[in-house]
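*Asks:* Take this structure, written in structure tokens, and hold onto it; I'll ask about it next.
The values are calculated or read from the model by the stated rules, or taken from the named source; none is laboratory data. Computed from a predicted model, the values in this text were never measured in an experiment. Please note: Cβ atoms are built from the backbone with ideal geometry, for glycine as well, and neighbour counts cover all protein chains shown. Side chains are part of the model used for accessible areas, which takes the heavy atoms of the whole protein and leaves out ligands, DNA and RNA. Shrake-Rupley method; radii C 1.70, N 1.55, O 1.52, S 1.80 Å.
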Amino acid sequence: MEAPAPGFEFEQPIFELQLRIADLQKQEQTPELQDEVRKLRREEADLTKQIYGSLSPWETVKVSRHKDRPHTVDYLSLVFDDFVELHGDKFFGDDRAMRAGFAKLDQFKVLVVGHEKGRTYKEKSACYFGCAHPEGYRKAMAKMRMATKFKLPVICLIDTPGAYPGIGAEERGQAQVIAENMFEMSRLDTPILCVVIGEGGSGGALGIGVGDRVAMLEHSYYSVISPEGCAGILWKSHEYAERAATALKFTSSDLKRLGVVDDVIPEPLGGAHRDHHQTARRVKAHLIKSLRELLAIPNDERLAQRYEKFRRMGQFLDGNLAAQAGSTADESA
Amino acid sequence: MNKRQKRGVPEGLWQRCPGCHNSIYRKEAEKRLNVCPECDFHFYVSAAERIVQVLDEGTFEEWDGDLSPADPLNFEDKRKYRDKLLDEQKRTGMNDAAITGTGMIRARRVAFGVTDSSFFMGSMGSVVGERLARLAERATDQDLPLIIVSGSGGGARMHEGILSLMQMAKVSAALARYDEAGGLYISVLTNPTMGGVAASFASLGDVVFAEPKALIGFAGPRTIKATIKIELPKGFQTSEFLLEHGYIDRIVSRDKLKSEIARTIDYCGK
């Protein structure tokens, strides 16, 4: 049995319960004591459910960045079989923040593209903590084009704080490649499924984020700007990140309500970082179900639906009429 | 923070040139389409002024001018987004940061859009996205060349959250359809064109022009400096830097813009 370790501040009550349980288990086991442990275990589960059922947006950001949260490489081994990595962009280099390759999803042959943040310090610095450079986006597009040629559906796993802000990235056209990826993904003639598995950081996320279906894991976030960045600009201090997180309305339930994501994939009790296998099973079930649905739609119609899906996004007033694009203004009011 | 004049508010007889820091006689600059007579720095021009400069006199007809911003997130930082919007609308006389419509350039009919970098930094929220998407769709239907002049220091507008980010995908998708139909899209970049605007429609032109010495890029210079903690090279993220690295076709002075657009339209048989 692993010793309980303190987690986030908001998990303190869970941690305290775990300590009590560990204490009891050290004592001589009597039937009464075992009953007590069982009772506390139930309490622990209820408490975890309660806390994770009502995370604040800022707490969600912390969970989405948890060091043990499953990354693209974890899904590659737990969801898919026989991953065959395809490396370069055939132009500049091999960006380790963006992975791509053939894989099998159940009986389906697919192409997977995904941001990778790295786990160890060495991995993290090799992939710039999941911030891709232009060569990463070019690689993703090159592989997606090839997938289209060979009629392979594309699966995009999104997990990035944002596209890398640096001199080389600007010199090699960061703005250009993100623009081109959205432009091309809107019309690639193959099914595209996107899942935000952790952080959906702005243009860096959207650079592999245009597809027929966009889903989010329950405790991930997807935002126009990081809460820290927003706080720095609008409140002139990063200390307001928590308030910015609330103002930006970027949690999975917000995005479902705003019509930006189609599905929210529930995470196991206490977050994806507590159970990679269970998380992977749910992601896999979602992918297979969605892919079956998409393959049943004729190509032209699927492309038209993809266009309409993004075309509808946004909310504005049309003259005096409160004509709202998107589906949801009245619900949010 | 030092006190800085709001963009787009002309005051006084003299103005300081941000390029060469000389004091410039305002009338002299205005005569030259708001270009510094000393160093050729291209000052801010409003969307309305840009229409006058680029389109044939009296030919502009606005499309979708009634669209105005909602506040889908009920956004509030130090102030309410809603209140800031009212102030910006009053100050600029615009509903939002883009004007779109049709007009003639040297007697060639075009679909024309321009963003104004003084309205919420020219950032793209739902209205800018919707107007540009409709513009691209009309240009497709009517087989018109499409010209978009961008100026945006803000990229995607934070106050409309994820919906602003999605405008990047929406406009890019509309431009992809226009492209498929064989349309000619000329993108003109002006100072500044950054973030989500640079990373969507502004970079997608068949032909991309930039005004001289404009700031153009994805990440803001301050963000980059804070990340990599070294001084940025001189001239980083300028039009000239982009030309050197192969991301724009031509640097075009403001007084030549109209004729360069007309010539490109002729070459592309539109």
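*Asks:* Between B:Thr227 and B:Glu49, what is the spin-label point distance in nm, taking each point 7 Å from the Cα along the Cα→C-beta axis?
*Replies:* 3.3 nm
*Asks:* Could you work out the helix-only [θ] at 222 nm for the protein assembly as shown, with each DSSP H run of four or more residues adding -39,500 (n - 2.57) and the total divided by the number of residues, to the nearest 500 deg cm²/dmol?
*Replies:* -12000 deg cm²/dmol
*Asks:* Sorted from largest to smallest, which semi-axis lengths in Å does the alpha carbon gyration tensor of the protein assembly as shown give for its equivalent ellipsoid, taking the root of 5 times each eigenvalue?
*Replies:* Gyration-tensor ellipsoid for the protein assembly as shown: 45, 27, 23 Å.
*Asks:* Non-local amide H neighbours of B:Ser253 (under 5 Å, H modeled in plane, Pro and chain starts lacking H): which ones?
*Replies:* Result for B:Ser253 returns nothing.
*Asks:* Further question: If you plug each phi of the range B:51-67 into the Karplus form 6.51 cos²θ - 1.76 cosθ + 1.60 with θ = phi - 60°, what whole-Hz ³J(HN,Hα) values come out, in order, with x for Gly and Pro?
*Replies:* Those phi angles translate into 4, 4, 5, 9, 8, 5, 3, x, 9, 6, 10, 7, 10, 6, x, 7, 5 Hz.
*Asks:* With the crude spin-label approximation of a point 7 Å out along Cα→Cβ, what separation in nm comes out for B:Asn74 versus B:Ala181?
*Replies:* Simple spin-label model gives 4.0 nm for this pair.
*Asks:* Which distance in nm do the two modelled labels at A:Thr30 and B:Asp83 give, with both placed 7 Å along the Cα-to-Cβ direction?
*Replies:* 6.5 nm
*Asks:* Relative contact order of the range A:126-253, please, whole-number percent, based on alpha carbon pairs below 8 angstrom and at least 6 residues apart.
*Replies:* Relative contact order here is 24 percent.
*Asks:* Mean projection of the alpha-carbon convex hull of the range B:44-267 over all orientations, in nm²?
*Replies:* 12.4 nm²
*Asks:* Sequence gap at least 6, Cα distance under 8 Å: using those rules, report the relative contact order of chain B to the nearest whole percent.
*Replies:* Relative contact order here is 15 percent.
*Asks:* Another one. Based on the Cβ-Cβ distance of B:Cys268 and B:Asp141, what FRET efficiency does E = 1/(1 + (r/R0)^6) give at R0 = 30 Å, to the nearest 0.05?
*Replies:* 0.95
*Asks:* What is the Å³ per residue value for the convex hull set by the Cα atoms of the range B:132-199?
*Replies:* 71 Å³
*Asks:* Now for a different question. Between Rg and the Kirkwood Rh of the range A:43-129, both from Cα atoms, what is the Rg to Rh ratio?
*Replies:* 1.10
*Asks:* Work from the charge dipole of chain B (Cβ charges, +1 for Lys and Arg, -1 for Asp and Glu, about the Cα centre) and give the residue of B:Gln167, B:Leu86, B:Val208 farthest towards its positive end.
*Replies:* So the residue furthest toward the plus end is B:Leu86.
*Asks:* Another question about this same structure. Could you run the Karplus curve 6.51 cos²θ - 1.76 cosθ + 1.60 with θ = phi - 60° over the range A:36-43 and give me ³J(HN,Hα) per residue in whole Hz, x for Gly and Pro?
*Replies:* For the range A:36-43, the Karplus-derived couplings read 4, 4, 4, 4, 5, 4, 4, 4 Hz, x marking Gly and Pro.
*Asks:* Efficiency by 1/(1 + (r/R0)^6): what FRET value for B:Asp56 and A:Lys49, r their Cβ-Cβ distance, R0 = 60 Å, to the nearest 0.05?
*Replies:* Efficiency, from the Cβ-Cβ distance: 0.35.
*Asks:* At a 10 angstrom cut-off on C-beta neighbours, averaged per residue, how do the peptides B:63-74, B:203-214 rank from highest to lowest?
*Replies:* Highest to lowest by the protection proxy: B:203-214, B:63-74.
*Asks:* Next question. Using Cα positions and a limit of under 18 Å, work out the lysines in reach of A:Lys39, with same-chain residues fewer than 8 apart set aside.
*Replies:* Straight-distance partners of A:Lys39: A:Lys26, A:Lys49.
*Asks:* For chain A, modelled as a GNM with alpha-carbon contacts under 10 angstrom, which of A:Met185, A:Met313, A:Met98 fluctuates the most?
*Replies:* Greatest mean-square fluctuation among the candidates belongs to A:Met313.
*Asks:* Still on this structure, I have one more. Once amide H atoms are placed 1.01 Å from N in the peptide plane, what residues at a sequence separation of 5 or more from A:Gln315, or on another chain, have their amide H within under 5 Å of its amide H?
*Replies:* Under 5 Å from the amide H of A:Gln315 lie the amide H atoms of B:Ser126, each far enough along the sequence or on another chain.
*Asks:* For the range A:60-311, which whole percent of the accessible surface, found with a 1.4 angstrom probe, sits on carbon and sulfur atoms?
*Replies:* 53 percent
*Asks:* Among A:Ala296, A:Ala285, A:Ala140, which one shows the highest mean-square fluctuation when chain A is modelled as a Gaussian network with alpha-carbon springs under 10 Å?
*Replies:* Highest fluctuation among the options: A:Ala296.
*Asks:* Let me ask you something else. Can you bin the range A:9-54 into rounded, prolate or oblate? Criterion: square roots of the alpha carbon gyration tensor eigenvalues sorted a ≥ b ≥ c, rounded for a/c under 1.5, prolate for a/b above b/c, oblate for the rest.
*Replies:* Here the range A:9-54 falls in the oblate category.
*Asks:* Any chance you could get the radius of gyration and Dmax over the Cα atoms of the range A:1-96, in Å?
*Replies:* Rg and Dmax of the range A:1-96, Cα atoms, are 20.4, 68 Å.
*Asks:* Next up: If amide hydrogens are placed 1.01 Å from N in the peptide plane, which non-local residues have theirs closer than 5 Å to the one on B:Glu76?
*Replies:* The list, which skips near neighbours in sequence, is B:Tyr81.
*Asks:* I've got another one for you. Go ahead and run the numbers for FRET between A:Glu293 and A:Glu123, Cβ-Cβ distance against an R0 of 30 Å, rounding to 0.05.
*Replies:* With a Förster radius of 30 Å, E is 0.30.
*Asks:* Over chain A, what is the relative contact order in percent, taking alpha-carbon pairs closer than 8 angstrom and at least six residues apart?
*Replies:* Relative contact order, chain A: 15 percent.
*Asks:* Springs between alpha-carbon atoms under 10 Å, Gaussian network over chain A: tell me which of A:Asp94, A:Asp82, A:Asp159 tops the mean-square fluctuations.
*Replies:* Checking each option, the largest mean-square fluctuation is seen for A:Asp82.
*Asks:* In Å and on Cα atoms, what radius of gyration and Dmax does the range A:60-311 show?
*Replies:* Reported Rg and Dmax, both Å: 17.0, 52.
*Asks:* Same structure, new question: Would you kindly derive the ³J(HN,Hα) couplings of the range A:158-168 from the backbone phi angles with the Karplus curve 6.51 cos²θ - 1.76 cosθ + 1.60 (θ = phi - 60°), listing them in order in whole Hz, with x for Gly and Pro?
*Replies:* Each residue of the range A:158-168 in turn: 9, 7, 8, x, x, 5, 5, x, x, 5, x Hz.
*Asks:* Give me the 1.4 Å probe accessible area per residue for the protein assembly as shown, excluding ligands and nucleic acids, in Å².
*Replies:* It amounts to 43 Å² per residue over the protein assembly as shown.
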